[in-house]
Amino acid sequence: MSDELLEKTCLWLQGKAFYAVIWTGLASNFKDKTSKDFGVNTAIDYLESLDGEGEKKAREYIAKAPESIQTPIRMNARRLLNWQV
């Protein structure tokens, strides 16, 4: 983890009711899977393209994220795709 990311993570942690943050640092495979750069809009487009079991798993993944974890993708999935969690 870079010093910059560590600092941002520590700032984010302040005021939260957490004792620790776990950072996996995994590389994204989004471009490999979609041939598009990762971003909020492309992620929402990808979620919108899912059906069947893929959509079910994506909805479940977003729904299981703690309420305290708000991301632009999660907020837009709710707003644009009407994925209520």
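Among the residues making up the range 52-85, a single one is within 17 Å of ASN41 (Cα to Cα) and among the aromatic types (Phe, Trp, Tyr): TRP83. For the range 11-41, the tally of residues that are in contact with a helix residue (DSSP H, G or I) (Cβ under 7 Å, 6 or more places away or on another chain) and polar (S, T, N, Q) stands at 1.
For THR24, the stated conditions hold: it is hydroxyl-bearing (Ser, Thr, Tyr), exposed (fewer than 12 other Cβ atoms within 10 Å of the Cβ) and free of Cβ contacts under 8 Å to residues at least 40 places away in the same chain. Here LYS31 meets the list (1) under 16 Å from the mean Cα position of the chain (by Cα); (2) at pLDDT 90 or above; (3) on the phi > 0 side of the Ramachandran plot almost entirely, failing just condition (3). Just the residues that are of a type in the set (S, T, N, Q), without any contact (Cβ under 8 Å) to a residue 24 or more places away in the chain and exposed (fewer than 12 other Cβ atoms within 10 Å of the Cβ), please, taken from the range 53-75. GLN70 - this is the single residue of the range 53-75 that is of a type in the set (S, T, N, Q), without any contact (Cβ under 8 Å) to a residue 24 or more places away in the chain and exposed (fewer than 12 other Cβ atoms within 10 Å of the Cβ).
The values are calculated or read from the model by the stated rules, or taken from the named source; none is laboratory data. No experiment lies behind these values; they were computed from the predicted model shown. With ideal geometry, Cβ positions are generated from the backbone for all residues, glycine too; neighbour counts draw on all protein chains shown.
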